Ligand SMILES: [Zn+2]
């Protein structure tokens, strides 16, 4: 009559040290963090344990979505939020891969503004917690895929904005960097601020300037990151 069954008392392993994770970090903890952010419905790129640009964008989007300070560093508060959102690890095999991930298609009705006038439109998620009007979203995803095929990684940094979000940006930056509330194409769900461009003259910038019009996007000359969907 062996007593070996006692060994089944599984030791729930919390990550032993939740060190600060920032851009450039590589570790299994980075992979766990990536999975938790993905589980929250925010894209982080591949779950590869490497804290690169997509992970940075994902961390920032996650922090913004949870009302944390958006510094792109996974410290105690961001870890705490991620742990709260994690499946409670009473089951040792709780670390699911591929389950409960971002599912596109969750459109929502929002109040858009065109020339100061409100109207209701439908926007769809395009990753990183960002939304675009349906037609612009489809064009964005085609453009993103075409860029990726050419080795260029474009990410969604800021798409549709609510009136409150535009008012907040306008209060922070003013004109001309932020458009007057009610008059930004971001409020009509057709503008995207693109992450991963890096400035004028980069490979991504040159790719966009050469190809965006094929997908119906037009760059705002004063802002290398800003593209409007004009169809
Ligand atoms: Zn913009």
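Computed from the coordinates by the stated procedures, all read-outs in this text should not be read as laboratory data. Every value quoted in this text rests on a predicted model; they were computed, and no experiment measured them. Every residue, glycine as well, gets a Cβ built from its backbone with ideal geometry; the counts of neighbours run over all protein chains shown.
Taking the three principal axes of the alpha carbon atoms in the stretch 108-229, the coordinate ranges are 38, 28, 22 Å, sorted in descending order.
Summary value for the stretch 18-85: 37 percent relative contact order, contacts being C-alpha pairs under 8 angstrom separated by 6+ residues.
Highest-first packing order for the peptide set 63-73, 135-145, 219-229 is 135-145, 219-229, 63-73, based on the mean count of other beta carbon atoms within 10 Å.
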